[in-house]
Each structure stands twice: as structure tokens, then as C-alpha cells.
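Right, one structure below, let's go through it.
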Amino acid sequence: MNRPRIGIITNPGILNDHYPVHASGTMNVAAISEVAGGMPLLIPADPAHVRIEELLESFDGFLLTGGRPNVHPEEYGEMPTEAHGDFDRARDRITLPLIRACVERGQPFFGVCRGFQEVNVAMGGTLHPEIRDLPGRDNHRMPPEGTLEEKFALRHKVTLTRGSPFHEILGTTEVMTNSLHGQGIKTPGARIVIDGVAHDGTPEAIHVQDAPGFTLSVQWHPEYNAARDPVSRALFEAFGKAARAWAGGRAKGLRRIA
């Protein structure tokens, strides 16, 4: 059987100071190929070039990646402020309806950092623009200085709900994670279940209640060191298993039609 086709949501960028690109980190590609066992394919997150219906029919799962631009607060009924940072309205118009369609179809996705926030917003939730400004909260942002290893180093504990999908996959209720985000969940969306929180109460792991497919999302970046970190490996392996199941169901359906 061919590897399941995993669409990796990209972000806009500039190459060589002037050339616009749709890009994703090599860590995302490696995590999908080497750990999830999927065929990684980059998706330009722009409705000028792709349609939701085409994506749903072309892929067996989606990796909702992190990214510097944030979900526009208009998507959850708030006005933008300086604290909300930069936005990517084209990506909003792809990922938010894509998430809702996947939830209803049972098509698997794995949300990471911004992707985690997108899942909450897609289901009607809201976001804090800056976690570190809240009383009692830590600074969850990426360290401004240091090597790649230092920036992605494990920084805090996440406590997982016993009996949750994360507990079942990881076999524990405590994991250590990295932390490279500024925003976070304010109010959970409809059917959003918070399965894991940091020591300061910040939501870090969620799934969509009663969804027929894989809907796990995390606020940290499991793509870093995914092949060697046991938590990251287990999550990407579970996502890959779900994508293969979807691909197998699709193949059976095509054989029945033939």
C-alpha cells in the first residue's frame, strides 16, 4: 500500500530577500515522512490557488503547522490590537473551513502551535493575544537568543487528563514539552476538550469531542526531534496510523466503485 498523502499547511515567506514563497520547515516534512510514515506534500494556504473540496479529496490527512502570523481576531468576534501581532488572512480562509470539514468527515488532522489555535477558533473558541501578560502566567514565547537546540529545548511540564486520547497514546499523565508561542486559548470552542495544561494553567493539548476521526492538537512543537523524542514520536505515529486508516477506507471505496 502506498504511503498516505499528508498535506502540510505552509506559510508565506521571502527567499533571498525578495522572492515570495510558500514554505514549511524541514522538521515538519521529516516528522511526516520518517515518523508518521506518510508522503509529505506542501499545501499553499491561499484560496486563490487551492479549494477546500480539492484538498479533502486529494489528501488522507493534514498537518496544521505553526507559523508566525496569528489567526485574525475577527474570526472569533474581536477587534485586532497591536498585541495580536501579524496575520495571514489567506491561511485563515483555508484552514478554518478545512478543519470543520475534517471534523465532520472524520478525516484526520494534527494541529501544532498555530494549528492548535486554529482548531479552537474553527470550533468557535477565542484566543488570548499574549499569554505572558495574564496574571500568574509564564512567558511561553521562544527564547530570543540561542541555538536551535536551545530554542526548542524542553521547558515545562504538561499534565494530561487520565483517560484522554493523549493519555492512551502516551501512557502517562505528565510530559515535558518545548514552548514557542505567544497566544493561547481563552475560551474553548464547541466540542473542544482540553486534555492537557501547563503548570500555569495554559491549555496545551486538545481534541474535538465525538469527532469520528483523529483531531489531536498541541500547543507545543512536536516536530522538533520527532524521531528521537518519545512523546513526539508516539503522537506522529498515531497520526500516521489514522491517515493510513483513512487512505485504506478511501481505497476500499474506489474498489467498490470499480
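The values are calculated or read from the model by the stated rules, or taken from the named source; none is laboratory data. In this text, all values refer to a predicted model and were calculated from it rather than measured experimentally. In this analysis, Cβ positions are derived from the backbone assuming ideal geometry, glycine residues included, and neighbour counts consider all displayed protein chains.
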* Selection count, segment 113-150, where residues are aliphatic (A, V, I, L, M) and touching a helix residue (DSSP H, G or I) at 6+ places or on another chain (Cβ under 8 Å) -> 6
* Structure fact -> Within segment 166-199, residues acidic (Asp, Glu) and either crowded, with 20+ Cβ neighbours inside 10 Å or in contact with a His (Cβ under 8 Å, 6 or more places away or on another chain) (or both) come out as ASP195
* Only one of (1) under 24 Å from MET123 (Cβ atoms); (2) free of Cβ contacts under 8 Å to residues at least 12 places away in the same chain fails for PRO20. Which number is that? -> (1)
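Can you report the number of residues in segment 209-239 which are aliphatic (A, V, I, L, M), more than 15 Å from HIS156 (Cβ to Cβ) and within 13 Å of the chain's Cα centre (by Cα)? Please lay out each step first, then the result.
Quick first cut of segment 209-239, residues aliphatic (A, V, I, L, M) only: 211, 216, 218, 226-227, 231, 234-235, 238.
Still in the running and more than 15 Å from HIS156 (Cβ to Cβ): 211, 216, 226-227, 234-235, 238.
Okay, now just the ones that are also within 13 Å of the chain's Cα centre (by Cα), so 216, 235.
Number of matching residues: 2.
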* Structure fact -> Those residues of segment 1-14 which are in a strand (DSSP E or B) and within 18 Å of ASP46 (Cα to Cα) amount to ILE6, GLY7, ILE8, ILE9, ASN11, PRO12, GLY13, ILE14
* Quick check: is even one residue across segment 45-52 over 19 Å from PRO4 (Cβ atoms), touching a strand residue (DSSP E or B) at 6+ places or on another chain (Cβ under 6 Å) and not in a loop (DSSP other than H, G, I, E, B)? -> no
* Asked: When residues of segment 205-258 are filtered for being of a type outside the set (A, V, I, L, M) and at pLDDT below 95, how many remain?
  -> 7
* Of the conditions (1) of a type in the set (S, T, N, Q); (2) under 18 Å from ARG191 (Cβ atoms); (3) in contact with a Phe, Trp or Tyr (Cβ under 9 Å, 6 or more places away or on another chain), ASN70 fails just one. Which one is it? -> (2)
* Can you find even one residue in segment 80-98 that is surrounded by fewer than 20 Cβ atoms within 10 Å (Cβ to Cβ), under 24 Å from ASN225 (Cα atoms) and out of contact with any Ser or Thr (no Cβ under 9 Å at 6 or more places or on another chain)? -> no
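Please verify whether segment 188-195 includes one or more residues that are in contact with a Ser or Thr (Cβ under 7 Å, 6 or more places away or on another chain), at pLDDT 95 or above and part of a loop (DSSP other than H, G, I, E, B). It would help to see each step written out before you state the result.
So in segment 188-195, the residues in contact with a Ser or Thr (Cβ under 7 Å, 6 or more places away or on another chain) come out as 195.
Filter once more, so that each one left must be at pLDDT 95 or above: 195.
Cutting the leftovers down to part of a loop (DSSP other than H, G, I, E, B) gives us none.
For segment 188-195, residues in contact with a Ser or Thr (Cβ under 7 Å, 6 or more places away or on another chain), at pLDDT 95 or above and part of a loop (DSSP other than H, G, I, E, B): absent.
Can you go through HIS221, HIS207 and tell me which one is closer than 23 Å to LEU148 by Cα and not in a helix (DSSP H, G or I)?
Values: HIS207 fails: closer than 23 Å to LEU148 by Cα.
None of the others qualify; the one that does is HIS221.
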* Asked: Assuming GLU75 fulfils every condition listed in (1) touching a Pro at 6+ places or on another chain (Cβ under 9 Å); (2) in a helix (DSSP H, G or I); (3) under 19 Å from ILE99 (Cα atoms); (4) in contact (Cβ under 8 Å) with a residue 12 or more places away in the chain apart from one, which condition is it?
  -> (1)
